[in-house]
Each structure stands twice: as structure tokens, then as C-alpha cells.
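To start, the structure under review is shown below, and the notes come after it.
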Amino acid sequence: MHAASNPARAVLPTDENGPANLFRLEIQPPLVSIFVVLSKTALITGITGQDGSYLAELLLGKGYEVHGLIRRASTFNSSRIDHLYVDPHEDGAKLFLHYGDLSDGARLVTLLNSIGPDEVYNLAAQSHVRVSFDEPEHTGDTTGLGAMRLLEAVRMAGIGCRFYQASSSEMFGASPPPQHELTPFYPRSPYGAAKAYAYWMTRNYREAHGLFAVNGILFNHESPRRGETFVTRKITRAAARIKLGLDQHLYLGNLDAVRDWGYAPEYVDGMWRMLQADAPDDYVLATGAGRTVRDFVVAAFEHLGLDWEKHVLFDQRYLRPTEVDSLIGDAQKAASTLGWRASIHGDKLARIMVDADVTALEHETEPWIDTAQLPGWPKHR
């Protein structure tokens, strides 16, 4: 059969899994349509963290092959993704983990060359704001320079992937709310300053080298998988332990700080949407609703029938040297361009986290992981 007598063309429709996920090959005459599903490949740094685990769940549910970057350690830190892991020797394995570190640029280049991902999500960082005052150099090296090393590795590997950088509302710092994509940065911590550097490097690689590189400026987003030293999880876990008679008190710092708290699974969906857009750009993701730390405490404790004032004590060690008073985001651009909107925040978020912490304590002797409370979210085993 000669190609000239049977011209073929590939048609690339857009579906819910992105334009590169499915193509139709038409051969004429006669007309024959062959549908072929193309599995995308993604690399996630920080895959063992809160966002990384939810993002891995989401992408696996969309049929992706997912690769995760993990640091070599003498102890395991994979509890958030253990439910997703299948031995790579088994048929159907689509999650693969690789040792590496954002401090090792050469390793990043070889890893990108061997995986050849369609999408790269840089979620790895020293992400605790208060700790960044104690470890400013480490925070700058991992959170700031680490992002630059990964961007340079993408450029050097020449793989033509799409790149997501996890930027942060902490970059806005002292700039008054509501904060949006054009609000000036005024970081008030080493963490915020490092994130601002990573933000501008991402934009520079987009403009100077033509990379499809985007910044997701995410306001606070929480879940039952949030680390136990972060204030929201510290609150909900303490409320659960007090309710079960395991503790009596919770020590906190500034109760008047205002934050825009959303639900992490919704935010990782926003990350994915950014890389499916026609052109690279930067987006704020936020609920648009501000609440004080005290409001979150009240919601969490009242959900369990507890009087928070009998249990919450002040500890000045948890105050930051330079405080950020109020962060409330304006996500209208993400809503109009990406169709993304937050649906869970405030009291509902606190209730989800408290309920999960109570259940986790009841399952302390066995593995347990939460299921995202969103319609249509992929079910895990």
C-alpha cells in the first residue's frame, strides 16, 4: 500500500486529561479511525510531602506514569505514598521512585534524560517558615537555588517538558491583601525570600530560554497529610489527642495572624491545570477568605465539643522575628483562565482535618491514609 494513495493525518482533540493524552489517526480512503491513548510521564520532586502525595494520586488516576525524586536517608519517609506504591517488577506499576537531591545538579540532568518527562512539578523545599529563620542558608540552597538547578537541568537536558514551580503567598509578606499576580513581593522570612528568587528564575527561564515554565502562587493549603509541626495540623491533631484523653494542652504563638486556608487536593488540581494551558503563565490559587489562627482553633475544638480556652496556651518561641499579618488571595485569573475555584475552606476544612486525626489515632497500630473529600477524586487501594 502506497502512502500517496492513503494519506494519513493525526487529529489531536482536547479531553479532560489534556491535549496530548489521545490522538486519532485517520487513513483515507476508506476512512478508518484508530484511537491511541498516549500515557503522559511526570516527575515530581517532593513527592513524599503533602502536595506531592495528592498530586501523585491525581496523576495516576489520569493514567500518568509518575516518577518521584526522594532523598536517600537511613529511615523511611514514604508513609504518604505507600498506598500508591506497586513493586516495579509487577505488571501495571506506574509509580517509580529515584534517589536524588535538588543540591545535585548533575544528578538532575541525568535523571531527566533517563525519564524524559512530559511534565515536571518542583514541590521540594525546606518549607517551614519559622524553621527558615533558624536555617536560612539551607533554606536558600534548597528552596531557592534548588529550583534554579532543576530549571537549568531541564534546559540542559533539552527534553521540551512543561515545568511547574511551587511558589508561595509568603513572597507577598507585608504587602496588604488581597494579593494577586501583580501585587509586589515583600517577603518577611528567609523562606519567602528564597521562594521569590525561585519565582523570578522560573520567569527568567521562560522568557530567556523559551521554557514552558509556570509559577503557582499558592496560598496556605492544608489537609490531614500536612506535617504535624505546621500550625493547622498541630491544632487539629492536638484537639483529637485532647478529646481522646492523650494530652491536655496545646502551645501556640500568634493567634491573630490572618491566613487564606484552602484544601490541598483542590490546589494540586490547580497545579495540573496550569500545565495544560495553551501558554505558560503565573497564577494565584486561593479561597479569597481570610481567617485568624484563633478562628481555626475555635472551629477545630468546637467540632469535638471542647472549650479551646481551657487547653490552648501561649508560647513566645513560636513567634516569628518578622511576622506576616495578613495573607488573603485573589484567584480571579485562575478562575477565568483555568476554570479553577476553591470549594472547601474555613470550618469545613477544620472539620475534615479533625475527623481524620481522630481516625488516625484510632488506627495508630496499623497503616492508615485519608481519602480526599472531593467528588471524582481517584480512589486508592
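The values are calculated or read from the model by the stated rules, or taken from the named source; none is laboratory data. Bear in mind that the values here come from a model prediction, so they are computed numbers and not experimental data. Neighbour counts run over all protein chains shown; Cβ positions are idealised from the backbone, glycine included. Note: accessible area is taken over every heavy atom of the protein model, side chains too, but ligands, DNA and RNA are not part of it. Shrake-Rupley method; radii C 1.70, N 1.55, O 1.52, S 1.80 Å.
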Three-way shape label, region 280-370, alpha-carbon gyration tensor, a/c 1.5: oblate
In degrees, nearest ten, helix 105-115 long axis to first principal axis of the chain (Cα): 50 degrees
Principal-axis tilt of helix 293-303 within the chain, Cα atoms, nearest 10 degrees: 90 degrees
Label-reachable residues, region 296-318, where backbone N falls under 20 Å from a point 7 Å from ALA360's Cα toward its Cβ: 296-306, 312
Residue among SER78, HIS221, HIS180 farthest towards the positive dipole end of the chain, charges placed on Cβ: HIS180
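Distance check, please: which entries in LYS62/LYS348; LYS310/LYS379; LYS62/LYS234; LYS94/LYS243; LYS195/LYS333; LYS40/LYS234 exceed 30 angstrom between their Cα atoms? Kindly include the intermediate steps, with their values, before the conclusion.
Details: LYS62/LYS348 27 Å; LYS310/LYS379 39 Å; LYS62/LYS234 32 Å; LYS94/LYS243 40 Å; LYS195/LYS333 21 Å; LYS40/LYS234 37 Å.
Going by Cα-Cα distance, LYS310/LYS379; LYS62/LYS234; LYS94/LYS243; LYS40/LYS234 fall outside the 30 Å limit.
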Whether region 291-338 is rounded, prolate or oblate, judged on the alpha carbon gyration tensor where a/c under 1.5 counts as rounded: oblate
Local electrostatic count, ALA279, Cβ distance below 14 Å [Lys/Arg +1, Asp/Glu -1]: +1
Selected from SER336, SER103, SER169 as most flexible by GNM, with the chain as the system and alpha-carbon contacts under 10 Å: SER336
Region 105-175-region 324-376 distance, computed between alpha-carbon centres (Å): 24 Å
Between helix 264-276 and the chain: long-axis angle, C-alpha atoms, 0 to 90°, nearest 10: 30 degrees
Signed unit charges on C-beta, dipole axis of region 126-221, positive-most listed residue MET171, VAL129, ALA153: ALA153
Cα-centre dipole for region 206-353 with unit charges at Cβ (Lys and Arg positive, Asp and Glu negative), debye to 20: 480 debye
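Based on DSSP H runs of at least 4 residues, each adding -39500 (n - 2.57), what is the mean residue ellipticity at 222 nm of the chain after dividing by all its residues, to the nearest 500 deg cm²/dmol? Before the final figure, lay out each step's value.
Working: 11 runs with 126 residues, N = 381.
Helix contribution divided over all residues of the chain: -10000 deg cm²/dmol.
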Computed magnitude of the charge dipole of the chain (debye, nearest 20; Cβ of K, R +1, Cβ of D, E -1): 380 debye
Principal axes of the chain: Cα extent on each, largest first, Å: 83, 44, 43
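Leaving out ligands and nucleic acids, note down the accessible area per residue over the chain with a 1.4 angstrom probe, in whole Å². Can you show the working numbers first?
Numbers: 17710 Å² over 381 residues.
With the other protein chains kept in place, the chain gives 46 Å² per residue.
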